[in-house]
Each structure stands twice: as structure tokens, then as C-alpha cells.
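Trainee: Pasting in a structure now, in C-alpha cells, and then I'll have a few things to ask.
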Amino acid sequence: MFWTKRPKRTARRKASRFTPGKAMRFTPGVEQLETRAVPASLSLSAGVMTINGTSNSDYIVVRQLNGRVSVDGNATSYAATAVNALVVNSGAGNDTVNLQNLTTAWTKQITVRSASGTDSVRLTNGTLRTLSGANASLTIPAVVPTPRSGASSGGSSTTTDWFDANVHDAALKALLKTDYNTDHVLDRNDMLAVFQEVEHDGTVNTNEFTDLKAVANNTSLFGSSTYIVDLTRDVVLGNAANAHYQGTTLGNLTAGSTGAKLNNLVHKWFLGADHPNASYPGITVTYTTAAGTLFGAGGPKYTDVHQGAVGDCYFVATLGETALRTPTTIQSMFTVNGDGTYGVRFYQNGVSHYVTVDSQLPTYSGGWFLYANMGSYAGNASNVLWVALAEKAYAQLNESGWIRPAAWGGGQNSYNGIEGGMFTDVTAQIANRAGSNYNVSSTIDTSLNNAVTSGKLVGFASTSNPTNSQIVGDHQYVVIGYNSSTKTVTLFNPWGINNGSQYPGLVSLTLSQLAGNFDYWSVA
């Protein structure tokens, strides 16, 4: 599909700063080895049993048998009565930790820590959890029944716990205790059920609001899911983005809020229903459910980037460069909810923040993508959607006010609100990498080679009037490769490899040609 008249894909300068765009490329992963039990080391000190994996991709199986706790492949075991807590340090690599062979009556705290990679953790009840990224952890709190104050020691007694002490609404307390005691974590479905319980009578009363705030402030209830913590706090504790929902005034939750208001907040944060404003002169824009897969068969690749009808080259190009250098960063950026929605993570000063998007994307003329994935049809099952979903998420989260200055469109839930920006701002927001900008000259050989060979994210911002007819002016390019022998750099144009224009998706330039066509380059 080609435009009869292609919408302009311009990027704006802000003061002396160029609005960069970016591309991404896939680095193949290591082939998965067959499953094997790893003889992890284990020790017991002060009642804490510690299991340490290796730096490889391990398979750690923990067992409780005949009153003793052990790890497959290791002859050491300890009496279960001597173990007061269990810590599994899985180490680096993509590990599997299986706790299902502990008895389901296990009541002692379990902590699983991952140094890097993506780990699968099978809990005692068979539930599967995932740990992604550096220094991720999952804690399953101890379950210790305690007699309620005043209960007779000689008879049966109910148990008291955090919910008894902090949740006042009886129906909400019962629901929370049931959901939490199933797997010792409040997940997305649990919180959706909690919100439904609160809103069903049409009002958020004072007790219910106090209880919701107590839950939102106790992050340990959510295990390792910073995604659900963040969304719950946005709904309950407030966010600048709550001022509007689907173009109408909304506001933060308070005691006395209507059930309808809570429902709208849940749909905004948990279900991705607050779509960014999407418009283009002379074109009717509609949101259409997009077919396809998140990453495709090969995982995220820089060639998945095809910038559309908004000047956010700085953003989509950065996505591409990140996928080229560290595809796991892109993979861990997304949480697949299984209902056609996705959680998308960004960073603010190193702290993760999430937004949820659904699978509906802006289209024109009966289903052609208007923005990222331009040139593809929404109903095509071969679509790879991650770039378009990340772009949509960025536009939605922009309403929170911290993505960019208000003078640049910050605080708007719209695609136009993210037009124009900086490569180095986005490297910090999607990859948690601070960056620096440098003037382009023909003497950057050593610096450029060091940046590329060390896996840095590297981009080049073109001048307003390039001398090379293959270079788009005021546009962000990213580095695909550098040949230090010939001193030639290969750049990617985020319009895409086959973009139907005079400007190729890939272009190779010498250092002197770079200096004549680009203002500055960025490294993160």
C-alpha cells in the first residue's frame, strides 16, 4: 500500500536541539540447551537455606522429601524443621527454578533472585512466574497462623494477618484474603476483581478507599510485579494523567467517588482503553484492532521500524537501535496480559513506570496503519506490532507529564504530543541509559569505533539541509555498523528499509560525508 500523497514525516528542532528518530536491529539469541538439573550449591545459616546457581542457564529443582529439603544433583540436604526461610540465587542466564516439589503446605518465606536474563519460577502450587532483567526478585511471604487476640488456646481459632489488621470492609477483606492465599501474590486478575467488588454498589465509600490505599501502599503484596504495583497506585493514589479519560474530565479517585469513575480509571490503566488522540489533515482516522504478533518469529529487529505520519523519528529510531544492540531490553519492556492488552515499561530517572495498551491502532482508508507500521494493513496476520504498541504507549504515558516538557507537547494523550524530541532522552526512558551528545567531525573514528564495539546505542542527527540527496534533513538516523578499516558507517533511516521514497532505509557514509550532513551524534 502506498500513499497517494504521503503525510510529511518531519521532525522538529527544539531550540538548538534536533528531534531525532531511531531504528532497531535484532541480535540472535543463544540456542536453548536441553533441560538439565544443575548441581547448585546450597548452605544453611541461621535457619536460612541458600541455593546458588551458576552463571549459565540453570535448571534448579528444590525438593522436600522424608522431612528433608534438597536440590536435585546435590547430595546435601537439610531437615525441613531447621529451615526457616529459603533463598534461591539463580544467577545469570535464562534459568528455570522449580519449587513444585516442596509440599503445598510449605509456609516459610521463599525468595528467588535473578542476576540477569529471563527466569521461570514454578511455585509450590504450580503457578508460573517470570523474572526479567537485572537484579529481579520474587518474594513469597511466610504464612504464619496466629491466634486472634482473645481466642482460647484450647479451642479452634481463626487466623489474623495483614488483611485482618489493615482492611476494614468485610467483603473486600474476604476477597483479598482468598486471592492472596491462593499463591501469596495479588496479580492483575486479582486486582481487577478487587476493583469490581468496590465499584459494584455504585460508590467508593470511605472504608473502601482507605482499604484500597493500604493495599496500593503495601508493594510486598504484589510479589515481583512492579507492573501491577504501578497501575494500582495510578488508579488508587492518583496520577496527573487521571485528569481526563477518552476526552472528558475524570480526576483522581477519592472517598465518595462513583463506581463509574473507578471503572474508568481501571479501564484507563489496566485495560488500555484511553486511546491517544490521532488525527491527520484531510484523512479520517479510526482505531482498528490489529492482527499479528508482538515480536514475530525472529524477535524484535531494527527492520521492524517503519515510521509513520508523525515526527517521532527520535523515538522509533531509538527503539530500533535498542533492539539491535540489546533485544532483551525490548522484550522485557512488554508484559503480555493474554487478553489483547500489553503492559509497556518506561523509566523516569531510573524508576520504572508502566502503561497498558490494547491492540487497537490508528488506521485510515479502511485499515492501513497511519503511524508506526505505515504501509501495512491492520488485518494482516503477519504484522509485527511491538513498535506500534510502544509508540502508542509513549503517547498515552505522555499525559502523566514527565515524558517531555509541556512546551514540546508534554501532558497530552496524543500522537501530536510526542512529535519532536531527543535520542538521548529516549535511551534513558526505554533502556535506562543516560547519553551524551557530541559535534560531528571527520576525526571521530576512535570514539565511534569504541562506542559501536562496546555495544553503545549510537545515533546521528542530520542537518536541516544535507548535501547528500539520500539523507533526510532534520532527521534521526542510527548506527547499524562501522568499518574502522574503511572508516565507513552504515546508518538506518527509521522510515524503513523499503519505504517507497528517494531516501533509502540504509545508507553508508565516510566520516567526511558524515561531517557534511549531520550536526551531532549521540552515545548512550
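Trainee: If I go through segment 81-122 residue by residue, how many of them are of a type in the set (A, V, I, L, M, F, W, C), farther than 18 Å from S332 by Cα and open to solvent by 10 Å² or more (accessible area, probe 1.4 Å)?
Mentor: Final tally of qualifying residues: 5.
Trainee: Also, quick follow-up: What's the number of the condition Q360 fails, among (1) under 17 Å from the mean Cα position of the chain (by Cα); (2) of a type in the set (S, T, N, Q); (3) surrounded by fewer than 24 Cβ atoms within 10 Å (Cβ to Cβ)?
Mentor: Going through the list (1) under 17 Å from the mean Cα position of the chain (by Cα); (2) of a type in the set (S, T, N, Q); (3) surrounded by fewer than 24 Cβ atoms within 10 Å (Cβ to Cβ), Q360 breaks only (1).
Trainee: Which numbered condition trips up K213, out of (1) under 14 Å from V266 (Cβ atoms); (2) modelled with pLDDT of 95 or more; (3) of a type outside the set (A, V, I, L, M)?
Mentor: Condition not satisfied by K213: (1).
Trainee: Also: May I ask you to say which residue of T322, T288, T329 is more than 22 Å from the chain's Cα centre (by Cα) and either open to solvent by 10 Å² or more (accessible area, probe 1.4 Å) or not charged (D, E, K, R) (or both)? Before the answer, list the steps.
Mentor: Values: T322 fails: more than 22 Å from the chain's Cα centre (by Cα); T329 fails: more than 22 Å from the chain's Cα centre (by Cα).
Just a single option satisfies the conditions, and that option is T288.
Trainee: Name the residue, out of A85, A75, A170, A80, that is at pLDDT 85 or above, more than 34 Å from the chain's Cα centre (by Cα), farther than 30 Å from D201 by Cα and not aromatic (F, W, Y).
Mentor: On the way: A85 fails: more than 34 Å from the chain's Cα centre (by Cα); A75 fails: at pLDDT 85 or above; A170 fails: farther than 30 Å from D201 by Cα.
Criteria check complete, one pass: A80.
Trainee: Going through segment 471-489 one residue at a time, which ones are within 22 Å of A309 (Cβ to Cβ) and assigned to a loop (DSSP other than H, G, I, E, B)?
Mentor: Passing the criteria: I471, V472, G473, D474, H475.
Trainee: Can you tell me how many residues within segment 136-167 are at pLDDT 90 or above and of a type in the set (G, A, S)?
Mentor: 1
Trainee: Moving on to the next point. Filter segment 223-242 down to the residues that are farther than 15 Å from V185 by Cβ, of a type in the set (S, T, N, Q) and open to solvent by less than 10 Å² (accessible area, probe 1.4 Å) and list them by number.
Mentor: N242
Trainee: Here's a follow-up. Which members of segment 42-67 meet the condition of being surrounded by 12 or more Cβ atoms within 10 Å (Cβ to Cβ) and either touching a residue at least 40 places away in the same chain (Cβ under 8 Å) or hydrophobic (A, V, I, L, M, F, W, C) (or both)?
Mentor: Residues satisfying the conditions are L42, L44, V48, M49, I51, G53, S57, I60, V61, V62, Q64, L65.
Trainee: Output the qualifying pairs, or none if there are none: Cβ atoms under 7 angstrom, residues six or more apart or on different chains, first residue in segment 377-401 and of a type outside the set (D, E, K, R), second residue assigned to a helix (DSSP H, G or I) and open to solvent by 10 Å² or more (accessible area, probe 1.4 Å).
Mentor: Taking only residues 6 or more apart or on different chains, the pairs are V384/D304; W386/D304; V387/D304; S400/A240; G401/A240.
Trainee: Return yes or no: is V355 surrounded by 23 or more Cβ atoms within 10 Å (Cβ to Cβ), aliphatic (A, V, I, L, M) and in contact (Cβ under 8 Å) with a residue 40 or more places away in the chain? Spell out the reasoning first.
Mentor: Working: surrounded by 23 or more Cβ atoms within 10 Å (Cβ to Cβ): yes; aliphatic (A, V, I, L, M): yes; in contact (Cβ under 8 Å) with a residue 40 or more places away in the chain: yes.
For V355, the condition - surrounded by 23 or more Cβ atoms within 10 Å (Cβ to Cβ), aliphatic (A, V, I, L, M) and in contact (Cβ under 8 Å) with a residue 40 or more places away in the chain - is met.
Trainee: Another question, then. Where residues in segment 205-222 are among the small types (G, A, S) and farther than 11 Å from H168 by Cβ, which of them is surrounded by the most Cβ atoms within 10 Å (Cβ to Cβ)?
Mentor: Checked segment 205-222; the qualifying residue surrounded by the most Cβ atoms within 10 Å (Cβ to Cβ) is A216.
Trainee: Here's something else I'd like to know. I'm trying to understand the selection: among the residues of segment 467-487, which are closer than 29 Å to M374 by Cβ, surrounded by fewer than 18 Cβ atoms within 10 Å (Cβ to Cβ) and touching a helix residue (DSSP H, G or I) at 6+ places or on another chain (Cβ under 8 Å)?
Mentor: Matches in segment 467-487: T467, N468, G481.
Trainee: Among the residues that make up segment 261-273, is at least one of them open to solvent by less than 50 Å² (accessible area, probe 1.4 Å), among the aliphatic types (A, V, I, L, M) and outside any helix (DSSP H, G or I)?
Mentor: Scanning segment 261-273 turns up at least one residue that is open to solvent by less than 50 Å² (accessible area, probe 1.4 Å), among the aliphatic types (A, V, I, L, M) and outside any helix (DSSP H, G or I).
The values are calculated or read from the model by the stated rules, or taken from the named source; none is laboratory data. From a predicted model like this one, the values you see are computed outputs, not experimental measurements. Cβ sites come from the backbone with ideal geometry, for glycine too, and all protein chains shown count toward neighbours. Accessible surface is based on the protein model in full, side chains and every heavy atom, while ligands, DNA and RNA are left aside. Shrake-Rupley method; radii C 1.70, N 1.55, O 1.52, S 1.80 Å.
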